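Report on the following structure.
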Amino acid sequence: MTKRRADNIAEQLEELIFDGTFSDGDRLDEVRLSEQFGVSRTPLREALQRLALSGLVELIPRRGAFVRQPGPIELMEMFEVMAEMEAVCGRLAALRISDQALEDLRDANTKCHDAVDGSNPDAYYHENERFHRIIYEESGNSFLAQEAYKLHKRLKPFRRQQLRFRGRLQQSMGEHEAILQALSDGCQDAAANALRDHVAVQGEKFQRLMATLKAAAE
């Protein structure tokens, strides 16, 4: 219960940062936020720690938590590494994925479809996260899976934000279909390329993400 509560608070704080309520450098007062969310400081601190992992918040000893928006170069570098890590996971999973895991991926994809039909980006992201984690695990490389999921969590608020762009849910859904087909066929190159393209934020996607962050900062 505490974990879920902390996750909910972290997601709400992400929205408040992205919509400009909290700007880069703002101090996040624990007492005031505890009152605002109607919770004790324990789940709030857990939420702040989650945001610190994503780089949206910096925790400074004896000073508190401060909003920290990453710059464009830092964000691009993280997405670049994430795209390549997912490509490797896909390449290995194409060789090693089990029939049960393929069924689990299809189930996650079906729920993603439902979220698209309901225009619910948060529900979509929840199943999207499950979809990607299955692929990490099916790479058969526990170290790679752990590192991929660690970076995935760090980029979570930015990946969630992308899904709010007009047309992105439908586009992401089509990319999922290509990934699932490549894994079902056991095609390593196709799986790697599909995952790399799915995660990479280049061109228009990156410009839209940075524009959202800039608007929040202003």
Subject >> the stretch 93-195: radius of gyration and largest Cα-Cα distance (Dmax), Å >> reply: 13.2, 36
**OP:** Take the alpha carbon gyration tensor of the stretch 42-98, find the square roots of its eigenvalues, order them as a ≥ b ≥ c, and report rounded if a/c is under 1.5; if not, report prolate when a/b exceeds b/c, else oblate.
**Re:** oblate
**OP:** Answer rounded, prolate or oblate for the stretch 107-152, using the Cα gyration tensor with square roots of eigenvalues a ≥ b ≥ c: rounded when a/c is under 1.5, else prolate when a/b is larger than b/c, else oblate.
**Re:** oblate
**OP:** State in Å² the accessible area per residue of the stretch 72-217; use a 1.4 Å probe, count heavy atoms of protein chains only, and round to the nearest integer.
**Re:** 47 Å²
Original post:
Ordered by packing density, taken as the mean number of other Cβ atoms within 10 Å over each peptide's residues, highest first, how do 190-197, 166-173 rank?
Top reply: 190-197, 166-173
Original post:
What is the Cα coordinate range of the chain on the first, second and third principal axes, sorted by size from largest, in whole angstrom?
Top reply: 53, 37, 35
Original post:
At GLU77 and SER184, where each label point lies 7 Å from the Cα along Cα→Cβ, what is the point-to-point distance in nanometres?
Top reply: 4.0 nm
Subject >> Accessible surface of the chain, 1.4 Å probe, proportion on carbon and sulfur as whole % >> reply: 47 percent
**OP:** Would you be so kind as to identify which of GLN49, GLN100, GLN170 lies farthest towards the positive end of the dipole of the chain, taking Lys and Arg as +1 and Asp and Glu as -1 on Cβ and the Cα centre as origin?
**Re:** GLN49
Original post:
Want the number for ARG96 to GLU58: 0.36 nm per residue separation, take away the alpha-carbon distance, what's left?
Top reply: 9.8 nm
**OP:** Give me the angle, in degrees from 0 to 90, between the Cα long axis of helix 72-96 and the longest principal axis of the Cα atoms of the chain, rounded to the nearest 10.
**Re:** 30 degrees
**OP:** Average the reciprocal distances over every distinct pair of alpha-carbons in the stretch 5-67, invert the result, and give the Kirkwood radius in Å.
**Re:** 11.4 Å
Original post:
If you put +1 on each Lys and Arg Cβ and -1 on each Asp and Glu Cβ, how big is the dipole of the chain around its Cα centre, in Debye rounded to 20?
Top reply: 760 debye
Original post:
Roughly how tilted is helix 99-117, in degrees to the nearest 10 and between 0 and 90, from the longest Cα axis of the chain?
Top reply: 60 degrees
Original post:
If you roll a 1.4 Å probe over the heavy atoms of the protein chains, what accessible area per residue do you get for the stretch 5-67, in Å²?
Top reply: 51 Å²
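Evaluate the relative contact order of the chain (contact order divided by residue number), counting alpha-carbon pairs under 8 angstrom at least 6 apart; express in whole percent.
Computed over the chain, the figure is 27 percent.
The values are calculated or read from the model by the stated rules, or taken from the named source; none is laboratory data. The structure presented is a predicted model; accordingly, all values stated were derived computationally and were not measured. Glycine gets a Cβ as well: all are built from the backbone with ideal geometry, and neighbour counts include every protein chain shown. In case anyone asks, the SASA skips ligands and DNA or RNA and just uses the protein heavy atoms, side chains included. Shrake-Rupley method; radii C 1.70, N 1.55, O 1.52, S 1.80 Å.
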